[in-house]
Amino acid sequence: MTRIPQPVKWAKTLKWIRRTFPPLRKTVIQSLSDKAIGGDCGDAELVRGVWVIRINKQQCTTLKIDTLIHEYAHSLTVHLTTEGEDHHSPEWGLKYAQIYRAFWGWGYGRGPEEEG
């Protein structure tokens with residue numbers, strides 16, 4: 001059972017999430033330093049019609065992927081929230097769960113016999 005290197009996991013996940021859950025708008029995913037995003041794991045914001053998802057590159061790959069899924073779910077559901085409503089709405093929770101379940105089923109594109 002061969003382990004997939006962490007940078008490969010990250011790159012494959014980026015391609016997978018875009019292919020499996022096509023963005024509603026142009027979406028840019030950036031890996032930035034801890035300082036650049038104020039010490040957070042990551043965030044997402046709509047900037048001039050483009051979703052910008054910023055991920056703290058200093059986190060471990062597992063946390064970066066968890067943050068990506070969280071923020072990506074925002075980019076797919078924010079149009080469903082009304083002004084002043086919590087962005088962690090029921091619609092967001094459903095989309096987050098859908099992406100997360102699909103991600104675990106995907107397994108980095110490996111078959112179950114290759115897990116490890």
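Some points to look at:
- When exposed loop sites are taken as trypsin sites (Lys or Arg not before Pro) in a DSSP loop with at most 15 other Cβ atoms within 10 Å, the longest stretch of the chain clear of them is 58-109.
- Full extension of the chain between residue 87 and residue 106 gives 4.2 nm of extra length, using 0.36 nm per residue less the Cα-Cα distance.
- The slack in the chain from residue 63 to residue 36, taken as 0.36 nm per residue of separation less the alpha-carbon distance, amounts to 8.0 nm.
- Fraction of the pair-distance distribution of the chain above 25 Å, Cα-Cα pairs, percent: 23
- Considering only GluC sites (Glu not before Pro) in DSSP loops that have at most 16 other Cβ atoms within 10 Å, the longest stretch of the chain without any of them is 1-82.
Read-outs: derived from the displayed coordinates by stated rules, not from any lab. Since we're looking at a predicted model, the values are computed, not measured. Here the Cβ is made from the backbone with ideal geometry for all residues, glycine too, and neighbour counts use every protein chain on show.
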